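Here's the structure we're looking at; comments come further down.
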Amino acid sequence: MEVLLFILPVFFALSVLIIPKQGVRAYGIIGSLAVLVVVIACMMQYNNDGTMHLFMQKPWFYGITLSFGYDGISLLMLLLTAVLVPLILVSNFKNELAENRLFTSMVFFMQLGLIGVFISMDGLWFYVFWEITLIPIFLISWWFGAPERKAALTKFFIYTFVGSLAMLAALIGIKVNAPTFFIEDLKAVVFTGKTACWLALGFFLAFAIKIPVFPFHTWQPDTYTKSPMAGTMLLSGIMLKMALYGMIRWMLPLFPEAIHCLQYPVIILATIGVVYAAIIAVKQKDIKRVFAFASMSHVGLIAAAIMTCNFDALSGSMVQILNHGLVAVGLFLAVEIIERRTGTRNLDELGGFAKQAPKFAFWFAALAFASVSVPLTSGFIGEFLMLKGLVGFDMVVGIVAGTTLILGAVYTFRAYQLSMYGPVTRDHFADLHWSELIVLALIIIAVVIFGVYPAAITDFVNPSIKVVLETLSTPSGL
């Protein structure tokens with residue numbers, strides 16, 4: 001059954017190119033829901049004891065193995081991917097882009113790459129699927145983005161390509177001392193602290209660019225702004241989560257010897273990014289850029305928490321990864337709704353929409369509260385656990401990182417107030433279309449469910465997190 005995780009995205013990516021144009025919208029949604037069913041089936045049959053379920057493992061050639069599998073961490077990432085793809089397609093149901101065959105095909109190829117990243121247990125296959133994800137998102141943004149997109153996308157491509165090359169070089173460096181690229185063989189290699197630090201930096205550069213971590217972030221705001229909204233949703237909702245997953249699955253377990261030299265620098269850089277991006281977000285007039293910088297701030301906190309190698313922080317990171325993916329898609333959908341109806345994203349030109357579109361005002365407000373992690377939302381428990389881990393690691397770092405709670409409320413509610421209240425700036429602002437209402441409602445319902453019952457996430461991933469931490473505490477590690 002697991003092989004369907006590869007077959008279905010490829011099948012729908014190719015077959016959508018030949019179906020009638022008027023059927024593309026429905027066909028894309030049906031295909032994405034089929035992948036979701038397979039992911040749920042995999043979760044239901046998984047014996048949640050933290051062990052890796054390898055559904056394929058056999059040698060191939062030159063040390064490359066066909067090794068694919070999943071544990072609780074991988075399955076949560078698969079679930080996030082499988083849930084967000086149909087939500088993104090439904091959210092674009094009214095757009096002409098939704099009936100474009102090439103766009104829908106690229107979304108499925110993107111999903112294929114993401115699935116491959118999350119279930120590859122061979123280092124080279126992880127790298128191959130990591131690279132595959134770059135192609136469809138680049139083409140989506142290049143073909144359907146804003147007129148002035150080319151410079152931003154060129155920077156995005158160069159940044160990510162350089163980071164990927166660094167990761168490939170590090171992989172090859174490990175493989176020199178290992179019989180295969182299979183993850184357990186790579187973990188078994190023991191390095192001196194200095195060698196481990198240099199190799200770990202190769203992985204970190206690739207992950208830091210994709211997250212992005214300060215100061216590797218300069219590609220992000222322009223790329224998010226110039227991409228079509230569906231491209232921005234894919235980037236913020238799922239693609240950057242690959243790097244956070246990569247830190248947990250690959251960087252830390254492969255180089256436990258490097259933790260002592262990387263921990264403080266990475267946490268400090270990520271924490272700087274949390275505060276820096278939040279302050280920049282407060283000053284933005286383009287509402288899309290507000291949430292672009294907000295995304296950088298939130299994921300910076302996740303990256304810092306992961307590097308503490310603390311059980312609670314890692315558990316909270318997984319909760320927040322899921323929460324951020326859902327909320328980011330919702331916020332960028334809200335921006336799309338505003339821009340589609342008004343033709344502008346400038347906060348100085350917006351206002352008064354709450355009177356004209358009360359349903360939209362309600363769900364947008366719910367998203368704003370979810371974004372600032374109020375109690376009874378999944379972000380609350382996620383950020384609480386992460387900050388708890390950071391404070392335990394270093395009190396000063398934890399306090400500085402905690403300013404995200406204040407700054408996040410400032411930029412989020414500023415954007416909401418300026419767009420929803422004040423003088424009415426448009427004669428007409430249509431309320432939510434059924435497709436928009438469904439997406440926003442499902443996101444808020446999920447965020448509240450996981451906020452009330454976060455154990456649904458933590459109990460599922462905690463056994464796998466324990467296995468990861470045991471790897472870091474072995475004699476070959478610290």
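Taking the condition open to solvent by less than 10 Å² (accessible area, probe 1.4 Å), of a type in the set (Ser, Thr, Tyr) and touching a residue at least 60 places away in the same chain (Cβ under 8 Å), does Ser74 pass?
Details: open to solvent by less than 10 Å² (accessible area, probe 1.4 Å): yes; of a type in the set (Ser, Thr, Tyr): yes; touching a residue at least 60 places away in the same chain (Cβ under 8 Å): yes.
Judged against the criteria, Ser74 is a match.
From (1) in contact with an Asp or Glu (Cβ under 8 Å, 6 or more places away or on another chain); (2) open to solvent by less than 10 Å² (accessible area, probe 1.4 Å), pick out the condition that doesn't hold for Pro358.
Every condition holds for Pro358 apart from (2).
Pairs only if they're at least six apart or on different chains, beta carbon under 6 angstrom, first in segment 11-37 and over 10 Å from Arg101 (Cβ atoms) and among the charged types (D, E, K, R), second open to solvent by less than 20 Å² (accessible area, probe 1.4 Å) and part of a helix (DSSP H, G or I); list them, first residue then second.
Final answer for the pair search is Arg25/Ala98.
In contact with a Gly (Cβ under 9 Å, 6 or more places away or on another chain), closer than 29 Å to Val282 by Cβ, of a type outside the set (Gly, Ala, Ser) and at pLDDT 85 or above: is that true of Ile209 in this structure?
yes
So, in segment 413-429, how many residues would count as being within 11 Å of Ala354 (Cα to Cα) and either without any contact (Cβ under 8 Å) to a residue 60 or more places away in the chain or open to solvent by 30 Å² or more (accessible area, probe 1.4 Å) (or both)? I'd like the intermediate steps shown before the answer.
Restricting attention to segment 413-429, the residues satisfying the condition of being within 11 Å of Ala354 (Cα to Cα) are 416-424, 429.
This time we only want the ones that are either without any contact (Cβ under 8 Å) to a residue 60 or more places away in the chain or open to solvent by 30 Å² or more (accessible area, probe 1.4 Å) (or both), so: 416-418, 421-424.
Here the count works out to 7.
Can you list the helices (runs of 4 or more DSSP H) lying wholly within segment 199-309 that have 1 or more residues being open to solvent by 10 Å² or more (accessible area, probe 1.4 Å), closer than 20 Å to Ile174 by Cβ and touching a residue at least 60 places away in the same chain (Cβ under 8 Å)?
By residue number, 259-283.
Before we move on, is Ala430 closer than 22 Å to Tyr276 by Cα, among the small types (Gly, Ala, Ser) and out of contact with any Phe, Trp or Tyr (no Cβ under 8 Å at 6 or more places or on another chain)? Before you say what the answer is, go through the steps one by one.
Numbers: closer than 22 Å to Tyr276 by Cα: no; among the small types (Gly, Ala, Ser): yes; out of contact with any Phe, Trp or Tyr (no Cβ under 8 Å at 6 or more places or on another chain): yes.
No, not satisfied.
Give the residue, chosen from Leu367, Leu437, Leu376, that is buried (at least 18 other Cβ atoms within 10 Å of the Cβ) and touching a residue at least 40 places away in the same chain (Cβ under 8 Å). Let's see the steps before the verdict.
On the way: Leu437 fails: buried (at least 18 other Cβ atoms within 10 Å of the Cβ); Leu376 fails: buried (at least 18 other Cβ atoms within 10 Å of the Cβ).
Just one listed residue meets the conditions, Leu367.
Among the numbered criteria (1) in a helix (DSSP H, G or I); (2) over 30 Å from Ile172 (Cβ atoms); (3) touching a strand residue (DSSP E or B) at 6+ places or on another chain (Cβ under 8 Å), which one does Leu14 miss?
Only one criterion in (1) in a helix (DSSP H, G or I); (2) over 30 Å from Ile172 (Cβ atoms); (3) touching a strand residue (DSSP E or B) at 6+ places or on another chain (Cβ under 8 Å) is unmet by Leu14, namely (3).
So Thr342 ticks every box in (1) under 18 Å from the mean Cα position of the chain (by Cα); (2) of a type in the set (S, T, N, Q); (3) at pLDDT below 90 but one. Which box is left unticked?
Unmet condition: (1).
Sort through Lys94, Lys155, Lys150 and tell me the only one that's surrounded by fewer than 24 Cβ atoms within 10 Å (Cβ to Cβ) and in contact with a His (Cβ under 7 Å, 6 or more places away or on another chain).
Details: Lys155 fails: in contact with a His (Cβ under 7 Å, 6 or more places away or on another chain); Lys150 fails: in contact with a His (Cβ under 7 Å, 6 or more places away or on another chain).
One residue alone meets the criteria, Lys94.
It is to be established whether one or more residues within segment 466-475 are farther than 25 Å from Val213 by Cβ, among the polar types (S, T, N, Q) and open to solvent by less than 70 Å² (accessible area, probe 1.4 Å).
yes
Can you go through Val117, Val128 and tell me which one is among the β-branched types (Val, Ile, Thr) and open to solvent by 10 Å² or more (accessible area, probe 1.4 Å)? If you could, list the steps in order and put the result at the bottom.
Numbers: Val117 fails: open to solvent by 10 Å² or more (accessible area, probe 1.4 Å).
Val128 is the lone residue from the list that is among the β-branched types (Val, Ile, Thr) and open to solvent by 10 Å² or more (accessible area, probe 1.4 Å).
Is it the case that Ile64 is among the hydrophobic types (A, V, I, L, M, F, W, C), open to solvent by 70 Å² or more (accessible area, probe 1.4 Å) and either within 19 Å of Ala98 (Cα to Cα) or more than 24 Å from the chain's Cα centre (by Cα) (or both)? Reasoning before the result, please.
Working: among the hydrophobic types (A, V, I, L, M, F, W, C): yes; open to solvent by 70 Å² or more (accessible area, probe 1.4 Å): no; either within 19 Å of Ala98 (Cα to Cα) or more than 24 Å from the chain's Cα centre (by Cα) (or both): yes.
Spelling it out, it is not the case that Ile64 is among the hydrophobic types (A, V, I, L, M, F, W, C), open to solvent by 70 Å² or more (accessible area, probe 1.4 Å) and either within 19 Å of Ala98 (Cα to Cα) or more than 24 Å from the chain's Cα centre (by Cα) (or both).
Being out of contact with any Asp or Glu (no Cβ under 7 Å at 6 or more places or on another chain), within 27 Å of Lys283 (Cα to Cα) and open to solvent by 20 Å² or more (accessible area, probe 1.4 Å) narrows it down to one of Val410, Val391, Val448, so name that one. Give the derivation first.
On the way: Val391 fails: within 27 Å of Lys283 (Cα to Cα); Val448 fails: within 27 Å of Lys283 (Cα to Cα).
Val410 is the lone residue from the list that is out of contact with any Asp or Glu (no Cβ under 7 Å at 6 or more places or on another chain), within 27 Å of Lys283 (Cα to Cα) and open to solvent by 20 Å² or more (accessible area, probe 1.4 Å).
Assigned to a loop (DSSP other than H, G, I, E, B), closer than 22 Å to Phe129 by Cβ and not β-branched (Val, Ile, Thr): is that true of Leu54 in this structure?
Numbers: assigned to a loop (DSSP other than H, G, I, E, B): no; closer than 22 Å to Phe129 by Cβ: yes; not β-branched (Val, Ile, Thr): yes.
No; evaluated as a whole, the condition is false for this residue.
Please verify whether Phe182 is free of Cβ contacts under 8 Å to residues at least 40 places away in the same chain, touching a strand residue (DSSP E or B) at 6+ places or on another chain (Cβ under 7 Å) and crowded, with 17+ Cβ neighbours inside 10 Å, treating the condition exactly as stated.
Details: free of Cβ contacts under 8 Å to residues at least 40 places away in the same chain: no; touching a strand residue (DSSP E or B) at 6+ places or on another chain (Cβ under 7 Å): yes; crowded, with 17+ Cβ neighbours inside 10 Å: yes.
Answer is no for this residue.
Taking Leu84 as meeting all but one of (1) buried (at least 22 other Cβ atoms within 10 Å of the Cβ); (2) over 19 Å from the mean Cα position of the chain (by Cα), write down the number of the exception.
Failing condition for Leu84: (2).
Working only within segment 159-174, note down all residues that are touching a residue at least 60 places away in the same chain (Cβ under 8 Å), β-branched (Val, Ile, Thr) and open to solvent by 10 Å² or more (accessible area, probe 1.4 Å). If you could, list the steps in order and put the result at the bottom.
To start, the set of residues in segment 159-174 that are touching a residue at least 60 places away in the same chain (Cβ under 8 Å) comprises 159, 174.
Restricting the remaining residues to those that are β-branched (Val, Ile, Thr) gives 174.
Correct list: empty.
Consider Ser141 carefully, then state whether it is open to solvent by less than 40 Å² (accessible area, probe 1.4 Å), under 18 Å from the mean Cα position of the chain (by Cα), in contact (Cβ under 8 Å) with a residue 24 or more places away in the chain and farther than 17 Å from Lys241 by Cβ. I'd like the intermediate steps shown before the answer.
Details: open to solvent by less than 40 Å² (accessible area, probe 1.4 Å): yes; under 18 Å from the mean Cα position of the chain (by Cα): yes; in contact (Cβ under 8 Å) with a residue 24 or more places away in the chain: yes; farther than 17 Å from Lys241 by Cβ: yes.
Here the answer is yes, as Ser141 does meet what is asked.
Counting only residues that are under 20 Å from Met77 (Cβ atoms), open to solvent by 30 Å² or more (accessible area, probe 1.4 Å) and of a type outside the set (Val, Ile, Thr), how many does segment 9-33 have?
1
The values are calculated or read from the model by the stated rules, or taken from the named source; none is laboratory data. Predicted, not measured: the structure shown is a model, and the values here were computed from it. Positions of Cβ are backbone-derived with ideal geometry, glycine not excepted, and every protein chain shown enters the neighbour counts. Note: accessible area is taken over every heavy atom of the protein model, side chains too, but ligands, DNA and RNA are not part of it. Shrake-Rupley method; radii C 1.70, N 1.55, O 1.52, S 1.80 Å.
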